[in-house]
């Protein structure tokens with residue numbers, strides 16, 4: 001059994017979490033021994049990668065596994081958007097009950113990113129990621145929210161493999177948020193699973209994989225949403241440690257990504273990971 005690495009997820013940075021607070025959390029994660037950092041071009045309305053890049057420049061790049069994603073293009077930044085984010089964070093801090101209202105506004109059409117499979121748009125997204133992150137290569141580049149029914153996968157895989165050949169990425173992969181079985185079947189038909197990594201939320205489907213998928217490389221995320229559902233159903237898994245052990249036994253899970261901005265929460269997660 002191999003316990004997954006503990007990963008730090010940056011989706012909240014420059015969204016509900018300020019850049020300053022995010023930067024402090026990144027440093028705490030590194031000091032705690034975490035070396036897997038997960039980000040995306042779309043996180044923080046396009047601004048999270050810049051915070052991650054400032055962090056990376058202070059540390060040995062060769063020791064860090066960096067995952068970013070393309071395929072979801074953020075809303076174009078503007079002074080109005082920056083002000084709206086600052087006001088929203090302040091409102092939630094003063095009145096946590098406003099969190100749901102702020103979430104509904106953020107989900108409105110004017111704040112929604114664009115999804116694309118166009119390789120020229122993906123290439124532009126990657127160039128921006130490399131610039132914002134301040135790196136010459138990405139360890140794992142994922143197609144964000146892969147949709148099995150959407151055409152264009154062949155072109156994207158060809159583009160991924162070209163990036164791999166020239167060293168811009170070490171590996172490519174797919175973020176699968178929908179039906180795991182369906183996603184794996186489509187990727188298998190295209191012959192890419194042997195070379196790719198698949199990022200998915202923790203689910204019963206992941207923990208009960210058929211034997212045919214046991215050699216697929218996975219990155220899992222959203223463990224506490226899953227544990228919350230387990231608690232509601234009076235399931236056997238109660239703690240993050242329980243889940244890490246189960247993941248290590250059930251699939252080839254390389255990392256478990258968590259959002260850890262509270263110092264005590266991070267310390268508890270690291271303790272569970274180290275056992």
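Where a number appears in this text, it was derived from the coordinates with a stated rule and is not lab data. Because the structure is predicted, anything quoted here is derived from the model rather than measured. Backbone-built Cβ (ideal geometry, glycine too); neighbour counts: all protein chains shown.
The simple spin-label model puts a point 7 Å past each Cα toward its Cβ; for residue 189 and residue 21 those points are separated by 4.4 nm.
Dividing the summed -39500 (n - 2.57) terms of all DSSP H runs of n ≥ 4 by the residue count of the chain sets its mean residue ellipticity at 222 nm at -13500 deg cm²/dmol. Ranked by the mean number of other Cβ atoms within 10 Å of their residues, highest first, the peptides 181-190, 39-48, 208-217 come out as 39-48, 181-190, 208-217.
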